[in-house]
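Have a look at the structure below before the remarks.
The values are calculated or read from the model by the stated rules, or taken from the named source; none is laboratory data. None of the values given here were measured: they were computed from a predicted structure. All Cβ positions, even for glycine, are placed from backbone atoms using ideal geometry, and neighbour counts span all protein chains on display. Protein only, heavy atoms only, side chains kept; ligands, DNA and RNA dropped before computing areas. Shrake-Rupley method; radii C 1.70, N 1.55, O 1.52, S 1.80 Å.
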Amino acid sequence: MDMTKIPARQGNYNLKNYETSRKDFDWEEIKKEFSWYKTGKVNAAYEAIDKHAEDPTKKDKIALQYSAPGREESITFEQLSKKSNQVANVLKKHQIEKGDRVFLFMPRSPEFYASFFGILKVAAIAGPLFEAFMEQAVRDRLEDSEARMLITTPELLDRVPVEELPQLEKVLLFHADQDVDGDKFIDFEKEIDNASDSFDIEWVDLEDGMLIHYTSGSTGKPKGVYHVHHAMIQHYATGKWVIDLKEDDIYWCTADPGWVTGTSYGIFAPWLNGVTNVIRGGRFTPESWYETLEKYKVTIWYTAPTALRKFVSAGDELVKQYDFSHLRHIMSVGEPLNPEVITWGERVLGLRIHDTWWMTETGAMLIVNLPCMEIRPGSMGKPIPGVDAAIVDNEGNELPPNQMGNLAIKKGWPSMMRAIWNNPGKYESYFINDWYVSGDSAYMDEDGYFWFQGRLDDVINTSGERVGPFEVESKLIEHQAVSEAGVIGKPDPERGEIIKAFITLNPGYEASDELLEDIRLFVKTGLSAHAAPREIEIKDSIPKTRSGKIMRRLLKSWELGLPTGDTSTLEE
Ligand code: 6R9
């Protein structure tokens, strides 16, 4: 089979034709699908939850299908609406007002989601944190955002330097097992249970704040990416077009809400579209994730290359033990999707895996493989309707097809960040003229498909050739011994840089000089001589962020013995 182009399957997709969908496209038309078009009022919590809870045909539908080791719950739209009303009443009682920052530092749980919507209902700004953050990471974020309130659990409290955060007025504790002092620390559950389950939602403006996601900079402190309610238009629309959500779908987005994917597509896209959303707590193993897909009869699955690569390594046999007959659509985000993984999806699941490209700063998907499109493995696809993308040089001039440059997006899509919190200079630095410049290096082919090369900082210059680490890593993992790979440029007096690869081995393979040479030759013959790594080092694991991104920057710092910079998002 020709794996360079995979045709679209026949299907009754929400969006049927790429070209016609882009013609005369106007975001204003999407807005009309929401009630605020009539009332002039908006709140994403209303559109995602209360609207369905008010609908007699929808209120008893399962909104949240939760499972974690030792806990399983099905929560309807009406129940989630009432719970979040109770949360909102407690927040209001403690004087939380429009625009205040309220942070969430707790495991993925039904309480998390009720709290998230409770925060939006009082028009405060939610700040979700990864549960695994240690003290410095928590401190940096609460300090920078000047959070007034934190919602957490007693287990996580020793990582919150409460005494050193003067602006932090209240800490709300879920599952407080003993009496708490009641002044600064609040027994949240007790107050929720005593609160009314009706609440007059705070109506806001489209441009009012909704969310801050901190994302790590390559150096220095993490930056607070600020999003407004307006973003929901794009969450809703991409949920329909790209995720292809329909009334009866059972959708599972595997991302943690500490990562933007876990809010834009783990919260907003599914619930704005009114579908059942599977949320799974606990750790990743191929078996437990396959079980989740089977048990809840998941129809649409949004996950990341790091997980997909682990499924590939876990082998085809394992897949045969499960029934995935209900699964109809798979998407990926966070890192380039290796062609090897797409081949696996076709072979083992009989499904195409659709790559999607976007960033914390962009708030929602921008470049994608729609279900109705041909897939070119290794390409992240084309811009969605209403979005224009290009490859530009450092002055913002558009480059012709097949030339590597900065991936840039024409300003003005609905879900674009509206600020970097407390840092206007940083915000400005993203833009050249009308372009938002992503910091990713890519090229566009003659047919308008975009091909990711690497973060600009990661592109390797070896003997005058520019090599993107992604293509080398993708080739490496096609070798049967290699499970994962991270590739960096290592300074070299003669060649400028040489390519150094860090790899992990699949079970059953032993390190040896012959094996390393075989792997090197595999890349050399499969890709090119200049892209073959001159050095290969075997590791037990490849350092990754909590959203599964290979931390090439860290590999490089280790290799060169340099300071490691901000490592708060490093997965342990
Ligand atoms: C949603 C998210 C953004 C960076 C982005 C790029 C990389 C994301 C990708 C991809 C290649 C894809 N990235 N999706 N690279 N192909 N489909 O990941 O946000 O955590 O802010 O990361 O991730 O380098 O610039 P965020």
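Under 5 Å between amide hydrogens, which residues at least 5 positions from Gly439 or on another chain qualify, with H placed 1.01 Å from N in the peptide plane?
Distant-sequence amide H within range of Gly439: Leu407.
Ignoring ligands, DNA and RNA, please state the percent of accessible area on the chain from carbon and sulfur, probe 1.4 Å.
Answer for the chain: carbon and sulfur cover 46 percent of the accessible area.
Using bins 5 angstrom wide from zero, how does P(r) for the range 79-228 break down, in % of all Cα pairs?
Bins of 5 Å from zero give 2, 10, 21, 23, 22, 13, 6, 2, 0, 0 percent of pairs.
From the phi of every residue in the range 170-180, what ³J(HN,Hα) in whole Hz does the Karplus formula 6.51 cos²θ - 1.76 cosθ + 1.60 yield, where θ is phi - 60° and glycine or proline is x?
9, 10, 9, 10, 7, 6, 5, 8, 9, 4, 10
Can you give me the Rg/Rh ratio for the range 263-406, using Cα atoms for both radii and the Kirkwood formula for Rh?
Numbers: Rg = 16.7 Å, Rh = 16.8 Å.
A ratio of 1.00.
How high is the relative contact order of the range 309-414? Use alpha-carbon pairs under 8 Å, at least six apart in sequence, and give a whole percent.
Contact order relative to length: 17 percent.
Mind checking the range 44-112 for GluC sites (Glu not before Pro) that DSSP puts in a loop (not H, G, I, E or B) and that have at most 13 other Cβ atoms within 10 Å?
Working: sites: Glu47, Glu54, Glu72, Glu73, Glu78, Glu97, Glu111; in loops: Glu97.
Sparse-neighbourhood loop GluC sites (Glu not before Pro): Glu97.
Could you work out how far the C-alpha centroid of the range 84-155 sits from that of the range 428-482, in angstrom?
36 Å
Where does the range 227-274 land on Rg/Rh, using Cα atoms and the Kirkwood Rh? Working shown, then result.
Details: Rg = 10.1 Å, Rh = 10.6 Å.
So for the range 227-274, dividing Rg by the Kirkwood Rh gives 0.94.
Lys61: which lysines have alpha carbons under 24 Å from its alpha carbon, excluding same-chain residues fewer than 8 sequence positions away?
Counting by Cα, and skipping residues close in sequence, Lys61 has these lysines nearby: Lys51, Lys82, Lys83, Lys121, Lys240, Lys246, Lys295, Lys297.
Normalised by the number of residues in the range 1-87, what is the relative contact order in percent for Cα pairs under 8 Å and 6+ residues apart?
So the answer I get is 17 percent.
What aspartates and glutamates could a cross-link reach from Lys32, if we take a straight Cα to Cα line under 13 Å and drop same-chain neighbours fewer than 8 places away?
Within reach: Glu47.
Ordered by residue, what ³J(HN,Hα) values in Hz, to whole numbers, does the range 348-357 give under the Karplus form 6.51 cos²θ - 1.76 cosθ + 1.60, where θ = phi - 60° and Gly and Pro are x?
Once rounded to whole Hz, the list reads 9, 9, x, 10, 7, 9, 9, 6, 9, 10.
How large is the direction-averaged shadow of the alpha-carbon convex hull of the chain, in nm²?
26.3 nm²
Would you mind checking the tilt of helix 513-526 against the longest principal axis of the Cα atoms of the chain, expressed as 0 to 90 degrees and rounded to 10?
90 degrees
Restricting attention to the alpha-carbon atoms of the range 1-158, what are Rg (one decimal) and Dmax (integer), both in Å?
Computed over the Cα atoms of the range 1-158, radius of gyration and Dmax are 20.1, 63 Å.
At 1.4 Å probe radius, can you tell me the per residue accessible area of the range 459-560 in Å²?
44 Å²
Would you mind checking the tilt of helix 232-241 against the longest principal axis of the Cα atoms of the chain, expressed as 0 to 90 degrees and rounded to 10?
Approximately 50 degrees, to the nearest 10.
If you average 1/r across every pair of different Cα atoms in the range 459-560 and take the reciprocal, what Kirkwood value do you get, in Å?
Numbers: mean 1/r = 0.0736 Å⁻¹.
Across the range 459-560, the inverse of the average 1/r is 13.6 Å.
Would you mind checking which residues have amide H under 5 Å from Ser332's amide H? H placed 1.01 Å from N; only 5 or more apart, or other chain.
HN-HN under 5 Å from Ser332: Thr303, His354, Asp355, Thr356.
May I ask what percent, to the nearest 5, of DSSP beta bridges between residues of the chain are antiparallel?
The antiparallel fraction comes to roughly 60 percent.
Starting from the amide H of Glu537, placed 1.01 Å from N in the peptide plane, find each other amide H under 5 Å away whose residue is 5 or more places distant or on another chain.
Under 5 Å from the amide H of Glu537: Ala501, Phe502, Ile503.
Enter the angle in degrees (range 0 to 90, nearest 10) between the Cα long axis of helix 135-145 and the first principal axis of the Cα atoms of the chain, meaning the one along which they spread out most.
For 135-145 against the chain, the angle is about 60 degrees.
Per residue, how large is the accessible surface of the range 79-228? Use a 1.4 angstrom probe and give square angstrom.
Numbers: 5790 Å² over 150 residues.
Value for the range 79-228: 39 Å² per residue.
Loop only per DSSP, at most 13 neighbouring Cβ atoms within 10 Å: give me the GluC sites (Glu not before Pro) in the range 504-558, ordered by residue number.
Passing both the DSSP loop test and the Cβ count: Glu510.
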